[in-house]
Amino acid sequence: MPMLGGVLVPHVTPFDEKEEVDELTLRELVNYFINAGLNGLVSLGSNGEFPYLSFEEKLKVVETVLDEANGRVPVIAGATENSTREVLRLGRALLDLEADALLIGPPYYFKPSPEELFAHYSTLAEGLDGKILLYNVPKFTGTNIPLDVIEHLAEEHSNIIGIKDSGGSMGRIGELVRRLGDRFTVFAGTADVMYPSWVIGGHGAVVAVANVAPELCAGLWRAFMEGNHQKARELQLHLNLINEVVVKRYSQISAIKAAMGMRGLRAGKPRLPSLPLKEGALDDIESALRKVGVL
């Protein structure tokens, strides 16, 4: 059975006014997410602005999160880099910090072929002494990891334990569940398919909106697990609106941090070259948050 489940937050990396990692605020956010009822934390995901962080900063973020979480929930660490060699370097360092698993997306500069993707992940599985979740996020990488590659990797490597699929396709998630069943964790990576994916056998979600409305996400998972499908449908539709406005309509990193700020959370600004949103976008986000009752 999968080792992970429920809704995990791919949390932001807060920065201070000098664009340095704000460790104190990061610790506050860890406690906020855990207290809201989320089932785990994902550091150095897309919302954590990992491409903007140095190697040393990445280790600092994960070390801080692990220390503050203190075993209360699983902590998965992102280890996506453009070369297999660099993923091995970062992944080993993160596992040395005792991250519970690694989340690894495909290289995102040169577009790898299916054969190259299999070789990349196979080398990582053999070279990393820890559990690995694949990260399919074509929005940012331009690569949709082929289902045959995923299935082959799962068959060949026991430490490749699951996937966060952010492609937004229910058909694809259904195929992952059908092919790999309960021996492989299938996480929805977009908020608008959370509840539908669970109905067909998915195991949870890792979604950006959990930064903004963690209590709604935790409530959705709880309602589903309790069989309260009317409540689950209601919460799913609320989260769809947040997802549509905050994740899809504007620059995701900037919008997530802006929405968190509206809720009184000290998320800080995005790191350059990302810019804070302008007034019209902020009004739009505020209106959406008010409609679903989180403001």
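The values are calculated or read from the model by the stated rules, or taken from the named source; none is laboratory data. Here the structure is a predicted model, which is why all the values come from computation and not from measurement. Counting neighbours? That spans all protein chains shown, and the Cβs are built from the backbone with ideal geometry, glycine included. Heavy atoms of the whole protein, side chains included, go into the accessibility calculation; ligands, DNA and RNA do not. Shrake-Rupley method; radii C 1.70, N 1.55, O 1.52, S 1.80 Å.
Exceedance of the 24 Å cut-off in Cα-Cα distance is limited, within the set LYS257/LYS291; LYS18/LYS164; LYS139/LYS269; LYS248/LYS269, to LYS18/LYS164.
Annotation: per residue accessible area for the range 127-170 equals 38 Å², rounded to a whole number [probe 1.4 Å, protein chains only]. Spacing of the modelled spin labels on ASP148 and ARG183, each 7 Å from Cα toward Cβ, amounts to 2.0 nm.
Sparsely packed loop sites in the range 1-106 (the chymotrypsin sites (Phe, Trp or Tyr not before Pro) outside DSSP H, G, I, E and B with at most 12 other Cβ atoms within 10 Å) do not occur. Taking GluC sites (Glu not before Pro) as exposed when DSSP calls them loop and at most 15 other C-beta atoms lie within 10 angstrom, the chain has its longest site-free stretch at 99-225. Remark: the range 176-274 carries 38 Å² of accessible area per residue (probe radius 1.4 Å; ligands, DNA and RNA excluded).
For ASN228, neighbours were defined as the other residues whose beta-carbon sits under 10 Å from its Cβ, and their charges (Lys and Arg +1, Asp and Glu -1) total +1. Per atom type, the chain shows carbon and sulfur on 49% of its accessible surface, probed at 1.4 Å. Of the residues PHE184, TRP221, HIS157, the one whose Cα sits farthest toward the positive end of the charge dipole of the range 137-226, with +1 on the Cβ of Lys and Arg and -1 on the Cβ of Asp and Glu, is TRP221. Approximating the spin labels as points 7 Å out from Cα along Cα→Cβ, the ARG266-to-PHE110 distance works out to 4.4 nm. For the pair ARG72 and GLU215, the difference between a 0.36 nm per residue extended length and the Cα-Cα distance amounts to 49.8 nm. Among the trypsin sites (Lys or Arg not before Pro) in the range 1-81, those located in a DSSP loop and surrounded by at most 15 other Cβ atoms within 10 Å of their own Cβ are LYS18, ARG72. Taking the Cα centre of the chain as reference, the dipole from Cβ charges on Lys and Arg (+1) and Asp and Glu (-1) amounts to some 780 debye.
Debye calculation, C-alpha points only, no solvent: report log10 I(q)/I(0) for the range 1-104 at q = 0.10, 0.11, 0.12, 0.15 Å⁻¹, in the same order as the q values. Scattering profile of the range 1-104, log10 relative to I(0): -0.25, -0.30, -0.35, -0.56.
The alpha carbon centroids of the range 130-175 and the range 180-206 are separated by 12 Å. Which FRET efficiency value, to the nearest 0.05, do you get for ASN82 and GLU175 by plugging their Cβ-Cβ distance into 1/(1 + (r/R0)^6) with R0 = 25 Å? That pair, ASN82 with GLU175, gives E of 0.35. A straight chain from ASN35 to ASP96 at 0.36 nm per residue would run longer than the Cα-Cα distance by 19.3 nm.
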